[in-house]
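Beneath this line is the structure, given in structure tokens, with notes to follow.
The values are calculated or read from the model by the stated rules, or taken from the named source; none is laboratory data. Please read these numbers as outputs of a predicted model, since none were measured by experiment. Here the Cβ is made from the backbone with ideal geometry for all residues, glycine too, and neighbour counts use every protein chain on show. Quick note on the areas: whole protein, heavy atoms, side chains included, nothing else; ligands and nucleic acids left out. Shrake-Rupley method; radii C 1.70, N 1.55, O 1.52, S 1.80 Å.
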Amino acid sequence: MVDLTAVKEQLTHVLDPEIRVNVVDLGLIYDISEPKEGQVNIKMTLTTPDCPLHEGFLDAIEAAVAPVKGVEYVKVDVVFDPPWTPDRMNPDVRKQLGIA
């Protein structure tokens, strides 16, 4: 079995290149699961459907998670329901970015 806590920790190394905040603290990661041994499914969103960083995020997430012990396959599903809002962000990050 894959340690999903380790997967989440690895995702904190995937940064939004514009604001240098990780995808976990931005609230972009909705779910991490292992539906079958060795397969990690990540459900995530983007701040907007037209985000130009879409492909870059997918590649970075797969690269970050692949080294976790037991991971054989990473599947990233980008969803927009529920839609992302700044309320999903870590409160400390909202404060750092000046978002009340």
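Listing for the model above:
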{"item": "Lysine-lysine proximity count for the chain, Cα under 25 Å, sequence distance 8 or more or distinct chains", "result": "9"}
{"item": "DSSP bridge pairs, the chain: antiparallel proportion in percent, nearest 5", "result": "55"}
{"item": "Charge dipole magnitude, Cβ of K and R +1, D and E -1 - the chain, Cα centre, debye nearest 20", "result": "240"}
{"item": "Hull-based mean projected area of the stretch 40-94, where the convex hull spans the alpha carbons, in square nanometres", "result": "4.6"}
{"item": "Cα gyration tensor, the stretch 28-70 - rounded (a/c under 1.5), prolate or oblate", "result": "oblate"}
{"item": "Gyration tensor over alpha-carbon atoms, the chain, equivalent ellipsoid semi-axes in Å", "result": "23, 14, 12"}
{"item": "Accessible surface of the chain [probe 1.4 Å, protein heavy atoms]: carbon and sulfur percent", "result": "50"}
{"item": "Protection proxy ranking of 68-80, 18-30 - average other beta-carbon atoms within 10 Å, highest first", "result": "18-30, 68-80"}
